[in-house]
Every structure is written in structure tokens, then in C-alpha cells.
Amino acid sequence: MTERRLYLIDAFALIFRAYYGNMRLKNGAAYTMARMLLALVAQHKPTHIAAVFDRPEPTFRHEIYPEYKANRAEMPEDLRPQVPLIKDLIQALNIPVVELAGYEADDVMGTLARMASREGLPTVIVSPDKDLLQLVDDPGGVQVLNNRDGEVWIDRAGVKARFGVWPEQVVDVLALMGDASDNVKGVDGIGEKGARDLVDQYGSLDAILAHRGELKRKAHREGLEAALDRLPLVRRLVTVVTDLTLPVTPADLAYPGVDMAQARNAFKALGFEQLTKEFTAVGSATAPAPERRYRAAATLADLEAAVAACRQAGRFGLDTETTSLDPVRGHLVGLSLAWQEGDGLYVPLAHLKPGSEAAEGALPGLLPESGLPEALLDLRGDPEAFFDDLAPHLDPRNLPFREVRRILAPLLADPAVAKAGQNLKYDLQVLRRHGLPVAGVGDDSMVLSFLLDARSRHNLDDLSSRHLDLRPIPFEAVVGKGKAQKRFDEADFDQAVQYAAEDADLALRLCRKLGPLVDAAGLERLYREVDLPLVAVLADLELDGVRLDPAVLERLAVDLRAQREASLARAVELAGEPFNLNSPAQLGRILYEKLGLPVLKRTDKTKAPATDEDVLTELAQREDGEIAQVLLRHRQVQKLLSTYVEALPTMVNPVTGRLHTRLHQAAVATGRLASSDPNLQNIPVRTEEGRAIRAAFVPRPGWVFLDADYSQIELRVVAALAGDPVLLGAFERGEDIHRRTASEVMGVPMEAVEPSQRSAAKAVNFGLLYGQGAFALSGSLGITFKEAKAFIDRYFERMPKVAEWIEATKARALEDGLVRTRWGRVRPIPDLHSSNPGLKAQALREAVNTVVQGTAADIMRRAMVRFAQALAKEGLAARLLLQVHDELLVEAPPEEADRVEALLREAMEGADDLGTLGVSLAAEVRRGANWMECK
DNA sequence: CAATACGCGTAC
DNA sequence: GACGTACGCGTATTGG
């Protein structure tokens, strides 16, 4: 018999969470609410339960304080109609709905909880709202279940731990800090932290008031003095009422359990197909779990049998579990193999003993500050020694790493056995760092999904529900969320097994499903010859990293900090008061309210007066514009310092001494790669000062950098796709394309083109790629709209094929609702048929730009694969370090430099071998002792 | 405290 | 309305 307990659901709080968690589906809030309640009922088997709602009528709080909740936004349009549906749904689940006019759900729950306590019935309040912590009372009394972050139970000690004070002190804290969302003002100068500290120190609000003259902080003393009259009212507003007269008693809330048929009818009426199906099954009172054959390997013989089965199958799903999402941090905790659908074997390697002290620093072999496994990072360390050190802390259910490695290594390294995974790049990196190199990347569900639709989401959860109609165990369900989040090696063992084995199974199933779709879409070659081999190329690139010389940046930092201080001082002097130069809001007040400068532009979202570079440049021209000038300089310096000069050195990996960026293959809708942590695709180059940062990027000692740029690759793509003879001719003759454009459009001979004419032509050429209009061109060139329009018109007159191609591309996009690159990569563009003319125009620009940018991106991907293959074939030591859209950075030993340069040029210039473009590609290679010298 | 939004600025 | 694709920093707000 389960323990008697009353569960009180804070209905609106959960509904809002359900709503924001599932906005995309029609009736998404109702659906998610149903799922949450079913999970709660299945997991906790409550003996008593109620869903408590707020009523729309004003409450006693409005009566004693008219402004109560006056700032509340209306309920979202698409949520309001769901509320009655949700009420019906809850009742269909046999859960009683309780509400009382004039009082909020909090008060009803408070009263019910107190009544239950008196009857000896323990109560659990399910809510993320901190206000309810005041009701907590144990042992055997009231607990709060915050199921926002996984599941967090909060008892008296929990309130103290999370909120800093005991439950009976919560109202005092709330009174001091107020509640912005209810429009209740607390004490000026006291925020949440201040309130907690004060109550903790003095014990209660009354005690604080009695000692208000002695408080340390002036702001606290003055704030309290000013709020003295208001505080009793505030305290009453935030206090939950526990003595209402209710039409129900806890005994009335006994829970009979879900009635399958009744629930099924409700789900069906709401159109929840999956749930309807689940509840159609005969049998138990709760939703039947789909059959899982997921288990952990208990012995090495289990593993050996699995390896044999994988070999037999010729391909298997592979997934690794680690202590960190960052592929160059953390260590292997286990790995999963799945060789037939529905099965999955998890191999546990480094799960900690339950309840063992798992503080990061306490684990042997981890660098104390970063938690990095030292032995594993530089690829030369000894992973087995690391696991030996770990052994005393490990759960006995783990298998010994040394033996597992011996058994698995040949399978993983065998290119004839295909590995299927979700984001295999990550697994490749983790395994290689543990002395388990992988060959035979057979399929990657993330890469497949990206090829089919570059716009959608590609994580395992989304893919599984979209393509398999399965909802995998959420990662958070295993490790928790927020403060209570654990590392994977600390998670519950059995849950970890299910989660991990499922991932390998799902990846295998997704690849089986998506592979044929990619083939059917005519994308097989793009997948097999570009995107799939790119996975291993990027894995290596990221692991290699690039060397950074911190001394270069430190010198730069000293100089820039001095400049920043000087401009700060001058700006404050000109403003007449101190302010935060980094705050556009504060800056706006100074510029436009205090100094009375004219507002030239407003921001898009909030219509606040803009303070961007354009505006400041304009203001700087004025007599009283010195402050704008100073700010421009400050902005530039601050940007360089905060984003690059001070940030980059902190991201250097302490073991490798190198910067390991991440390159994302399935991130950019056009097919470009994206770089992050740090982003090395936006290192400054335009200004001299910014460029100096590139001098800190250096090859390993004794080696050289080779840096290769595609020349005008996007314009070449346009020329080829449009078949424009003027542009194609210019490229074939190796001419300066902007000069040629100027010559054609302005009707002057090539040698007579003025620099200003060339730069105008250059602007038009770039604008072309983005679908720029005359208005924007006039702005960027500082000419009139009329002049710009005439310029563009003449451009298309001289190059009519380009105009035709643009129109044809738009027409095709409108017909298909999507665009494709030269090699078939797909990007759906939903707004193409928008009734909003602005959105539609934007969609058309996106369509044209995507074909150009995406085709160039495909070519660059292919070039990277070709180059990596060439290096491997010739057994060279040179390494590919970075890709910046049209540029590849390589480091090589000096004796390899000539050969590598030839290979690099060949790889890039011949990279349209998947479907000839019809224009020659040109790559320019430079050498240098640092990245700056390569420009 | 953390997550999120915003304004801004860097790259190609 | 009027130029496409990204990522990151600092500030300010929110958390229902």
C-alpha cells in the first residue's frame, strides 16, 4: 500500500509552463499538461489529489490594494481558449478541480494543506512558485515539489538551503523584496539577496524594523524608513491565507486513478493521436511504456557477444556518455552499441559509487581548476592510467576500461563496419581522446536531417518525435536541471543505462529512416562525398586547435585599457555625470535627454533612441558632437578588449595550450559552418588595431602558416549559375572583377576606372549577393536614391543574364516553397507566400542569397574533405586549423610547405567536382609566421 | 542565480 | 520596407 499523500497542483503555474514549453503545437499547452499530469500520477501514485485554479474575479488583495497585479499582461491569445479544455481534461483524468472566488490558488492550497496536516495527511504542493515555500512544514507535513528542474523536493531544510531562510521567515523576505510580477513594491534598496540576508541575520521583519537604525547599509536604512507605512500591507499581500472556508475537505480528494476509457475519449476529442493510441491498449491503469530492450553489459562476455553481433550486422549505432558537453573537456562515462532496432547495450565505464563524494576536484587525474582529465587531453596521455586512478571511486557495475578498450578498439577502428550516430563528431573526439580512434563513419542522423531540411531542428529529441514518433528520455530526467544538475557519472545507474542505450538505438533507427530519404531527394553524393566525410575532418580540426600567443594579446591589452580609461574619463566629463558607457539605455539618456542631441534613428524592437555607429558618426560631425566621437572610439576599444583581447586567452586549453573552437555542421541555414566557443570566424581584420589580434594566432614552434582564400567565390557562383558572359569572361581572364564591373557599367575603359568608381562597383557587386535595393545602396555609397537606382539599372542592362537568373530563381522558389544549392542542399523558406509584403520580399532575398551563399559553402565543404584526404594519402604532418567561409588556415612543417601549398590549391580549385560549376575557381595562398602576416 | 531579450559590433 | 548568414559581449529584465 502506498503512503497516503495529498498532491495539490498549482494549475495555472503549470499551464503557463506547459504553454511556453510547447508553443508550436495546436493545443500544445493542453497536450503538455496532460503529459505532465500523467507522469506525475504514474510516478507518485497519489492517494489524494486536486488541481487548484485561480478565479478571474478580483480577490481580497485587489480590495486592500487596488494596484494589485495591475501590470499583468493579458493571457496569450492562443492560450486563453485552451484553459477550459484543460479543465475538462483534468476532470477526465479523475482529478478534482478546486477554486474559490475572491481567493487565489495559493490561498486555497494553503488552506487545504493545513487541513490535511491536522488530519495527519502529508501534502505535496506541485509548483515552481517560490511564494509557496512559506507553507512548507514537516516532518510529515507539507512539502513543495518543484518539477521545473527535473524533480526537486523541498522540505524545511530545502527551503533554508534554496531560499536562505526558514519557511516561517519567507513572508518577511517577500515583504521586503516585494513581488514585481504582482506589482507589489517592497523596500527600495533591498533586493532578494538583501532581504534574505537581513531576515537571516535578525530573524524576522519586526526585529529588522526594531533595529532599523543600526543597519550597515545606508540604502537599507533609508529604504526601510520610507517603506515603514507600507510594510504591514505588503506583508499581508504576500501572505498565503490558510483559514478559508472551503466546500471540500481533503478526504473528498481521494484519488481513484485514471479511467482508461474516459481518458482516451478526452484525448481523442482533443486530437492527441499518440495519447489516444497509448490509452487504447488494454491493461494497466497508466500509459503502457513502449517495449525497451535496453540493458547494461554485466560482463566482458556480454561485450564480446555484442561486438560479434555488430560485426555480423556490418553496422551499428554508437553513442558515448561523458561528464561534459564540451568534447575537449570531461571524460568517458560509458558507451552504447545498438545493432538491431529496439535493442541497445550500454557499457558502463566510470559511474561513481552511489553516494560517493563526487566533487570534481576529488577525482584523481582531473586538473583541479577546470576539471579536465589531464591524461586524456593531449592525445599522448595514458587513458588506462586515468581509469586506474579512478578505480577506488567507481561503482562495481562498471566494466574495466582496459579490457573494454582491448575488445572494442578493433571494431571501432575497422572502416568496414559502419558506425551510425547522432552528431558522431562528438563521439569521434571523445573516443580518440581515450585511445579509441574510430574509422567507418557510416551515417549521422544530424547530418542527414540537415541535408533534408537545413532549417529545422536536428537534436535527437526533435528528430525522434518527428520521424519515429518516439519521445526519448530527456537528458534532464537523468541528470536533473539547474542547481541540482548532476554529471552523468553521478546519475542514477539504471536510469543512465536506459537513457544511454536508447540514444544508440534511436540514432540507428533515425539513420535507417533518413538515409533513404536523402537518397530519394537526390542528395546521396552530397551526403557521401561531402557532408559525411566532413564529420571526421571537423572532429580532427577541433581536437587539434590553434596555438595562441598570449603575450601578443597582453601587450595589446595594456595599450587598449589605457585608451579605454582615457575615453571613459573624457566622456564622463562631457556628460557632466558618471554613467555606464556600455549601456545603450544610459547612454541614450545622456545624449538625448541631458545633452539634447537630436534623435536620428530609433531601435527596431523597442523604438528607443538608437546609439549605434551610424548615429554616433553623424552626431560626431556636429559642433557639440565631441562626446559622440569619444564614444565611437570607446566602443571600438571596448569591443576589441571584451570580445577578443581579454576573452581569447581565457579559452586556451590548459593542457594543449591551444584554442579549440567548435565548428557546427548543422547550424547555418545556407550550409555554411558556424564557429563558437570561441567564434574564430569573426576575428577582426578591417582595422589595423583589430588586425593586430591575428598576430597572436601562431603555428606550433618551427612550423609555418599557410592561408588560402577563395577569390570572389560567391560572385563566381553567380556568374556561373547565371551564365553571364561579361562576368565569366572577366573571371576566365583573371581580371579585377570590380574594375571590370565599373568599366562595363560606367562605360569607361578598364585602365581609366577611377578608384571611386571601382569601389562603387564593388558595393553593387556585394549588394547583388544580398538582394540590396537602391535605397540601401544610396546609403552605403553616400549617393542619392536616384543615382543608386540608375546605377543598378545600368548594371542589369549590361549583365542581363544576372537579372534573368535572379528572376528565375525567385520564380522557382515561389513555386517550390524552397530553394536548393547547385548540389541540391535544401532550405525551405516558409515566408515566400506571406501576405505581409515585407516578409515576402525578405523571403525572396533570402532565397536568392541562399543559392549563392549555399553553393559556395558546399564547395568549401568539399574542398576541406579533399584537402584532408590529400594530407592523409601523402602521410603529411600538416594540419587544417580553421575555416572562415572562403578561407582555410593550415599549419605545416617548413619542409612540407611547398607540397602542402600545392595540395591546398588543388583541393580548393578542384572542389566543384561534384557537379561542375562552369567557372574556374581561384585560391590565393599566403604564408606567414602568424595569421596577420597572411593578409 | 539563470535564462532570456536587447542593442551593438565583428566576420564573410 | 528597403542587406544575406552567423556568434558574443554587456546590460537589463524576468522568473507567471
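Extension gain, A:ALA667 to A:LEU244: 0.36 nm times the residue separation minus the Cα-Cα distance gives 146.8 nm. For A:LYS801, give me every one of the lysines with a C-alpha distance below 20 angstrom, ignoring sequence neighbours fewer than eight places off in its own chain. By straight Cα distance, A:LYS801 reaches A:LYS762, A:LYS789, A:LYS810. Contact order, relative form, for region A:548-655: 34 percent (alpha carbon pairs under 8 Å, 6 or more residues apart, mean separation divided by residue count).
Looking at chain A, the DSSP beta bridges with both ends there are about 65 percent antiparallel. By the rule of a C-alpha distance below 25 Å, with chain neighbours fewer than 8 residues away ignored, the lysines paired with A:LYS513 are A:LYS277, A:LYS419, A:LYS425. Normalised by the number of residues in chain A, the mean separation of alpha-carbon contacts (under 8 Å, six or more apart) gives a relative contact order of 9 percent.
Axis of helix A:260-270 versus longest Cα principal axis of chain A: the two differ by about 50°, to the nearest ten degrees.
Here the contact order of region A:805-849, divided by its residue count and restricted to Cα pairs under 8 Å and six or more residues apart, works out to 36 percent. Going 7 Å from the Cα of A:LEU367 toward and past its Cβ, which residues in region A:329-344 have a backbone nitrogen under 12 Å from where you end up? Under 12 Å, as judged by backbone N against the label point of A:LEU367, lie A:329-330 of region A:329-344.
The calculated FRET efficiency for A:ASP519 paired with A:ASP252, based on their beta-carbon distance and R0 = 51 Å, is about 0.25. Legend: calculated FRET efficiency, A:ALA569 to A:LYS840, from the Cβ-Cβ distance at R0 = 45 Å, rounded to 0.05, equals 0.35. Distance between the 7 Å Cα→Cβ label points at A:ASP461 and A:LYS789: 5.1 nm. For the pair A:ARG602 and A:GLU63, the difference between a 0.36 nm per residue extended length and the Cα-Cα distance amounts to 190.0 nm. Filter A:LYS594/A:LYS840; A:LYS594/A:LYS639; A:LYS786/A:LYS840; A:LYS605/A:LYS786 down to the pairs with a C-alpha to C-alpha distance above 32 Å, please. Correct reply: A:LYS594/A:LYS840.
Each of A:ARG733 and A:LEU876 was given a label point 7 Å from its Cα along the Cα-to-Cβ line. The distance between the two points is 3.4 nm. Relative to the dominant Cα principal axis of chain A, helix A:713-722 is inclined by about 80°.
About the centre of its Cα atoms, chain A shows a dipole size close to 1040 debye [charges on the beta carbon of Lys, Arg (+1) and Asp, Glu (-1) only; nearest 20 debye]. Estimated from helical segments only, the mean residue ellipticity of chain A at 222 nm is -14000 deg cm²/dmol, where each DSSP H run of four or more residues counts as -39500 (n - 2.57).
Extending 7 Å from Cα along the Cβ direction at A:PHE796 and again at A:ASP197 yields two label points whose distance is 6.5 nm.
To the nearest ten degrees, helix A:300-313 and the longest principal axis of the Cα atoms of chain A are 50 degrees apart. Per residue, chain A exposes 44 Å² of accessible surface when a 1.4 Å probe is rolled over the protein heavy atoms with every protein chain present. Would you mind getting me the FRET efficiency between A:GLU613 and A:MET651? Use the beta-carbon distance for r and R0 = 22 Å, nearest 0.05. So, using R0 = 22 Å, E works out to roughly 0.25.
The values are calculated or read from the model by the stated rules, or taken from the named source; none is laboratory data. Model, not experiment: these values are computed from the prediction. In this analysis, Cβ positions are derived from the backbone assuming ideal geometry, glycine residues included, and neighbour counts consider all displayed protein chains. These accessible areas exclude ligands, DNA and RNA; they are computed on the full protein's heavy atoms, side chains included. Shrake-Rupley method; radii C 1.70, N 1.55, O 1.52, S 1.80 Å.
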